[in-house]
């Protein structure tokens, strides 16, 4: 009876979340910490994956919600934006970009680039920005992992364009970050849920808490 009451009141149960790696690493630790304090009876299960895998898990019913980008979502998905993820360039601390307040995409295109591979939502936006200015990329290395990209940059192999949510995961001695602009490129990150799918009270609590901690802890949250 006690377990049922906790479930009914949104204080107990399991919530399964799929999230793109940057959100899983930056947002979800804050979410789990706060949820453990407020709702100790709720268990949160996390699957970190690329955007298309997170979406597939949501559509298949393997997870309750997905934290993903706004791109290529079907009509059956309700998307609630959490933040606008603005791009920066990471580079060695002795690179000339260190002295600039901002780097343009045209300046970036003249550099040797370390790129996320073609399965990444980050790569899609990077390619689109370079195409918009009529530039092609001089790619010296590609990888799917955030630490691997950071390792290539740290070794001086090239510079990398990354969203702001990713930047803290790449900061290490010898690496510097400079904002990217002109054109302004933003990755939209939010909560995806299935329209009409029954949602547990615990899931409702966690979604509300996720919106709260995102507003409090990120640089570019969406304001109602």
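The values are calculated or read from the model by the stated rules, or taken from the named source; none is laboratory data. Computed from a prediction, not measured in an experiment: that's the story for all the values here. A quick note on method: Cβ atoms are made from the backbone with ideal geometry, for glycine too, and the neighbour counts reach across all protein chains shown.
Observations
- Filter result for residue 184 (assigned to a loop (DSSP other than H, G, I, E, B), more than 30 Å from residue 60 (Cα to Cα) and without any contact (Cβ under 8 Å) to a residue 40 or more places away in the chain): no
- Members of region 155-175 that are crowded, with 18+ Cβ neighbours inside 10 Å and either under 14 Å from residue 108 (Cα atoms) or more than 17 Å from the chain's Cα centre (by Cα) (or both): 158, 159, 160, 161, 162, 175
- Listed by position, the strands (runs of 3 or more DSSP E) enclosed by region 1-114 that each have at least 2 residues that are more than 25 Å from residue 160 (Cα to Cα) and free of Cβ contacts under 8 Å to residues at least 40 places away in the same chain are 41-48.
- Residue 126 vs. criteria assigned to a strand (DSSP E or B), outside the structural domain of residue 61 (by TED's automatic domain parsing) and either in contact with a helix residue (DSSP H, G or I) (Cβ under 9 Å, 6 or more places away or on another chain) or within 24 Å of residue 25 (Cα to Cα) (or both): no
- Matching residues in region 91-108 - criterion: being under 17 Å from residue 127 (Cα atoms) and either touching a helix residue (DSSP H, G or I) at 6+ places or on another chain (Cβ under 6 Å) or buried (at least 20 other Cβ atoms within 10 Å of the Cβ) (or both): 103, 105, 108
- Across region 125-147, the number of residues qualifying as surrounded by 14 or more Cβ atoms within 10 Å (Cβ to Cβ) and closer than 14 Å to residue 166 by Cβ comes to 5.
- Total residues in region 145-168 satisfying the condition of being farther than 20 Å from residue 27 by Cβ and not in a strand (DSSP E or B): the figure is 9.
- Checked against the criteria, residue 73 does not count as at pLDDT 95 or above and under 24 Å from residue 53 (Cα atoms).
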